[in-house]
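Shown next, in structure tokens, is the structure this report addresses.
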Amino acid sequence: MRKQLLGLATFIVFLTLVVGSAQAQTGYRIQSNIPFDFTAGESSLRAGVYGVQMISDKALLVRSIDGKKAVLLVTSATESGGKQKPARLIFNRYGDRYFLSQTWMSAGDVGRELHPSAAERRLAKGLSLAKGD
């Protein structure tokens with residue numbers, strides 16, 4: 001039900017990453033120019049260049065390239081069903097609001113999924129009610 005709700009309520013945006021994935025000491029790291037303001041966890045972030053790095057098997061660090069803004073996020077594993085795609089960030093969109101939803105650090109079939117924030121759950125529920133679901 002949750003996946004159906006998100007599937008109906010969101011518009012997934014795929015970003016082509018500026019820099020491919022690279023192995024870091026504790027995980028993978030990617031860098032991307034995100035052209036819109038977005039929410040990661042409970043934090044609002046401005047459009048710009050961000051580095052995304054796995055710092056443990058459940059923790060993800062999203063940090064602005066200038067180092068002024070950083071967010072530590074708890075994630076869980078997700079799979080693409082065997083289809084390998086390039087490294088990417090996936091956002092859920094509700095109107096003009098974007099929420100970081102998944103990260104895929106390398107061309108593989110296993111990524112990391114973020115838990116929806118309270119604000120994202122409220123928007124999804126409101127959209128569902130408006131559609132009559």
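Each value in this text was obtained by applying a stated rule to the coordinates, not by laboratory testing. These figures come from a predicted structure and were not determined experimentally. Virtual Cβ from ideal backbone geometry, glycine too; neighbours counted across all protein chains shown.
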**Q.** Added length on full extension, which subtracts the Cα-Cα distance from 0.36 nm per residue, SER106 to LYS85
**A.** 6.7 nm
**Q.** Summed side-chain charge close to THR103 - residues other than THR103 whose Cβ falls under 9 Å, Lys, Arg +1, Asp, Glu -1
**A.** +1
Q) Which order, highest average first, do 99-105, 52-58 follow once you tally other Cβ atoms within 10 Å for each residue and take the mean per peptide? A) 99-105, 52-58
Q: Using a 10 Å cut-off on Cβ atoms, rank the peptides 30-36, 62-68 from the highest mean neighbour count down.
A: 30-36, 62-68
Q. How many nm separate the modelled label positions at LEU72 and ALA59, each set 7 Å beyond the Cα in the direction of the Cβ?
A. 0.4
